[in-house]
Amino acid sequence: KVRIAEKKVLRHDSGSPARSTSLHGADPQSRQRPSQSCFPQASSSEQSQKDLLNILKNIRGKKCLVIDPKIGGSLSLLIQTSLLRENDAELRHLSAEPVQTECSKILYLVRPQINLMKFISSNIQYNLSKGVQREYFVYFVPRRTVVCEKIFEEEKVHHILTIGEYPFYLLPLDEDVLSFELDLAYKECYVDGDTSSLWHIAKAIHKLELSFGIVPNVRAKGRASTKVADILNSLQVEEPVNAADMGIPEINTLILLDREVDMVTPMCFQLTYEGLLDEILQINNGSVEIDGTVMGQQDGKKIKVPLNSSDKLYKEIRDMNYEVVVQVLRQKATSIQQDYAEVKSTSQSVSKLRDFAKKLYSVPEIARHVNLAHHLQSFTCKPSFHARLDIEQTILELQNFEACFEYIEEMIHKQEPLVNVLRLLVLFSITNSGLPKKNFDYLRREILHSYGFEHMPTLYNLEKAGLFRKQESKSNWLTIARALQLIVDDTETANPNDISYIFSGYAPLSIRLIQHAIRSGWRSIEEIMKLLPGPHVDLKKGATSYSSMDANPIFQSNLDRVADGRRSLALVIFIGGVTYAEIAALRFLSSQEGMGYDFIVGTTKMVNGTTMLETLMVNNV
């Protein structure tokens, strides 16, 4: 067994995780966070719903709406089933099986994927063979492609199709989170060399600019991000936003960040309440699916538990370090218990009884999160969980290479889930700028022997993405970590008003970069920026062109205020995915004194280390 003498990790009877010996960052919500401006979300939702309803209304009479299962969850957040019924539409999910419906009109709503085109063609050919005459409509989300239409031509069904587009670019997941719902953007960009998703992202940003004004300040880091900045420039030339007519832009700053720039953070296990829920239960479209018994129900049927800002308690605790959440829930439950005892034992005034009744409204929320937290504890109380956190911290500090190597080797020999092995292996490889050839070859061989040679394509994908590779140069991780203060060693003396509470001692690299982008610009850390993957640009965007921000000496001092003195709004876009922990860190930053910014987060997809690696695993079942 690997023993790491250097690290002292607090063990709680409650099973709550900790990498350190204090609850630093104990209550990131202790200051009231400014209310998030939610204009992009509301506008995006309303427009997307309106566009879909227009498509339905334009196809008169009863129709069967057949949707791509991958976008089904996203659409359910936009439009209620009752609205579909009002527009004479019944709902089906697309599969290889023929669509069972009595409707004479079939509307397919699909992403431009070749396999889906074959499903549609097969459906239509089946109906034709049975002599069933129907009208067929195919609407691509968000846009049609030549490749997909070519499939219809090859399958000889193109002539009976009416083809259109449903420009669904952004899905609001919460008050301050927008998703492009591009599940495979990271793999496409960094493994397949397919950058079509970047056009999609740029188009979505430009649509926001057409509604809310041109974003004057743009910072981008990474190959994909700088490419999006270039496409935005082209779109502004093709379809200009008239800055003079728009007045003061609603969004003051756009920060584009490649996931490739910081692959360390998603490989670390998230320790905020929301992050831990995602790691263990996987949050999908703002909810988790869980056995009813976990939530106190008698049967074991799966139920969906919503997780978003409409739940006031969840909004309060979601971004706290998990160990603090357990304490907060205990305090709230105890408080209600004490109030109940007081009401029961003494005669109370009507106003006091009313106050107690108000408190009772929160009981279902408290019960919900007590049940969820109790379920999480069944995972976090295990010694293996704490051992994993120990080894993560050791890897982050570049301590004891041999111990880390042996820990991963032991995981392989125990045949722990491959994705768990790869997640730690990627973290190990990135922080060390690759592994020495002898170690790389050995671990690669052991993985194939232990899990099967069918995983060779997966290892190839990881190597192509630069996530698991041979070491070609000395690691610069410690240089980056020290310059940006990523590792907080002595948590008892460190400032608790810092984003390092998110991972109990590690401040996400991505958020440190955003901190610098907002406060002093990247010029102040120019040398560190050069050590990170991809180019970076600081741009000031006018009505029709870009110019360097740094050319304007006044720019930086006025960056965090718009002309009328309101707090500025920054749109931060992660290309390749963002974790819930990183969003928590941005919310925390926004709550700090002296930070004149609110943040809206845009992402290709909500991710964690496991879901990211699963997109690269060729034989992932």
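Some observations on this one:
- Take the conditions (1) in contact with a helix residue (DSSP H, G or I) (Cβ under 7 Å, 6 or more places away or on another chain); (2) more than 17 Å from GLU165 (Cα to Cα); (3) modelled with pLDDT of 95 or more; LYS62 misses just one of them, which is (1).
- Test set (1) modelled with pLDDT of 95 or more; (2) of a type in the set (Asp, Glu); (3) open to solvent by less than 30 Å² (accessible area, probe 1.4 Å) - ASP538 fails condition number: (1)
- Selection over segment 52-107 of residues that are part of a loop (DSSP other than H, G, I, E, B) and either within 25 Å of the chain's Cα centre (by Cα) or aromatic (Phe, Trp, Tyr) (or both) gives a count of 3.
- Yes/no for PHE401 being closer than 26 Å to ALA507 by Cβ, open to solvent by 20 Å² or more (accessible area, probe 1.4 Å), out of contact with any Ser or Thr (no Cβ under 9 Å at 6 or more places or on another chain) and of a type in the set (A, V, I, L, M, F, W, C): yes
- Residue within segment 585-600 that is in a strand (DSSP E or B), at pLDDT 85 or above, under 17 Å from SER225 (Cβ atoms) and hydrophobic (A, V, I, L, M, F, W, C) present: yes
- Put simply, of GLN298, GLN327, GLN337, GLN331 the only residue that is outside any helix (DSSP H, G or I), polar (S, T, N, Q) and either open to solvent by less than 20 Å² (accessible area, probe 1.4 Å) or out of contact with any helix residue (DSSP H, G or I) (no Cβ under 6 Å at 6 or more places or on another chain) (or both) is GLN298.
- VAL177 open to solvent by less than 10 Å² (accessible area, probe 1.4 Å) and farther than 30 Å from LEU586 by Cβ: no
- Considering segment 452-532, the qualifying helices (runs of 4 or more DSSP H), each wholly inside and each with 3 or more residues that are open to solvent by less than 10 Å² (accessible area, probe 1.4 Å) and either within 30 Å of ILE251 (Cα to Cα) or in contact with a Cys (Cβ under 8 Å, 6 or more places away or on another chain) (or both), run over 509-519.
- Test set (1) of a type in the set (Ser, Thr, Tyr); (2) surrounded by fewer than 15 Cβ atoms within 10 Å (Cβ to Cβ); (3) farther than 28 Å from PRO306 by Cβ - SER378 fails condition number: (3)
- Flag if MET411 is part of a helix (DSSP H, G or I), at pLDDT 95 or above and loosely packed, with under 15 Cβ neighbours inside 10 Å: no
- Here ARG423 meets the list (1) part of a helix (DSSP H, G or I); (2) open to solvent by 10 Å² or more (accessible area, probe 1.4 Å); (3) modelled with pLDDT of 95 or more; (4) not small (Gly, Ala, Ser) almost entirely, failing just condition (2).
- Odd one out for LYS70 among (1) touching a residue at least 60 places away in the same chain (Cβ under 8 Å); (2) more than 30 Å from ALA570 (Cα to Cα): (2)
- Top-ranked residue of segment 192-222 - restricted to ones that are within 17 Å of GLY534 (Cβ to Cβ) and small (Gly, Ala, Ser), ranked as most open to solvent (accessible area, probe 1.4 Å): GLY193
- Every listed requirement among (1) crowded, with 20+ Cβ neighbours inside 10 Å; (2) part of a helix (DSSP H, G or I); (3) touching a residue at least 40 places away in the same chain (Cβ under 8 Å) is met by LYS227 save one, (3).
The values are calculated or read from the model by the stated rules, or taken from the named source; none is laboratory data. For clarity, every value in this text was computed on a predicted model and none was experimentally measured. With ideal geometry, Cβ positions are generated from the backbone for all residues, glycine too; neighbour counts draw on all protein chains shown. Heads up: the accessible areas ignore ligands, DNA and RNA and are worked out on the full protein's heavy atoms, side chains in. Shrake-Rupley method; radii C 1.70, N 1.55, O 1.52, S 1.80 Å.
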